[in-house]
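First comes the structure, then the notes that go with it.
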Amino acid sequence: FYFTQGYDEVMGASRNDSKSAVSGQVVNLDVRKKIADLELPGMPHLGSGISWTWKDEAGQSRTVMATPNLNEGLISIIDMKNWKTVKQIKTRGPGFFMRSHENSRYAWTDSMMSKEFKDTMQIIDKETLEIVAELRPEPGKTFAHIEFDRYGRHALASVWENDGAVVVYDAATLKEVKRIPASKPVGKYNVWNKITREAGTSH
């Protein structure tokens, strides 16, 4: 499930319909009824969904939601006003985590469910909806579990191995700042971003 920022609607997906192009729906929690179907192929991981304000080709501001996919290499971008799919962004492989921050131009997503590209983090420009960079700090090792700090200045990602690390990046330049050795670091959920319902953090 994924709750909208106002918590008046919830988006859900059926894992039994993974072969269907339309496997999700939106329920309005006030009227307690389905108000829309969602075009969500594969197995979308709505629990890692994020949202942001995006300008379409006409210059109109829209709130969009993005979700990774557990069995396909794509990110689904959905217009949260009409619930239509704006774009399907092809990625290196199925991913689990996706994060951004209101102070960041970028959305980060992993491909940790992919055998070949589990070591690659992809960076999406939230304005152009294009992948603009890839990060691969430890070739062959799982690289995932992205999280932003409270101010959106740094992004923290995990080399998810027994001899792993938390890799700290400058969120603007995408340059590595520091590595903190750790054994299979998981999650790193930012309490501030969670309790304030920051749009770039799933909640």
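The values are calculated or read from the model by the stated rules, or taken from the named source; none is laboratory data. Computed from a prediction, not measured in an experiment: that's the story for all the values here. Don't worry about glycine lacking a Cβ; one is built from the backbone with ideal geometry, like all the others, and counts go over all protein chains shown. For the accessible areas, the whole protein counts, side chains as well, though only heavy atoms, and no ligand, DNA or RNA atoms are used. Shrake-Rupley method; radii C 1.70, N 1.55, O 1.52, S 1.80 Å.
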- For residues that are at pLDDT 90 or above, outside any helix (DSSP H, G or I) and touching a Ser or Thr at 6+ places or on another chain (Cβ under 6 Å), tally how many sit in region 183-203. 3
- Do we have any residue at all in region 73-86 that's within 19 Å of THR4 (Cα to Cα), touching a Phe, Trp or Tyr at 6+ places or on another chain (Cβ under 8 Å) and in contact (Cβ under 8 Å) with a residue 60 or more places away in the chain? no
- Could you look through region 171-182, keep only residues that are touching a residue at least 12 places away in the same chain (Cβ under 8 Å) and open to solvent by 50 Å² or more (accessible area, probe 1.4 Å), and pick out the one that is nearest to SER51 (Cα to Cα)? ALA172
- Any residue at all in region 79-97 that is under 20 Å from PRO185 (Cα atoms) and in a strand (DSSP E or B)? no
- Query: Out of MET65, MET98, which single residue is in contact (Cβ under 8 Å) with a residue 24 or more places away in the chain, farther than 25 Å from GLY140 by Cα and in contact with a Gly (Cβ under 8 Å, 6 or more places away or on another chain)?
  - Reply: MET65
- Message: For the condition modelled with pLDDT under 95, of a type outside the set (D, E, K, R) and farther than 16 Å from ALA199 by Cα, what is the one hit in SER14, SER76?
- Response: SER14
- When you scan region 183-203, how many residues do you find that are without any contact (Cβ under 8 Å) to a residue 40 or more places away in the chain and either β-branched (Val, Ile, Thr) or open to solvent by less than 30 Å² (accessible area, probe 1.4 Å) (or both)? 3
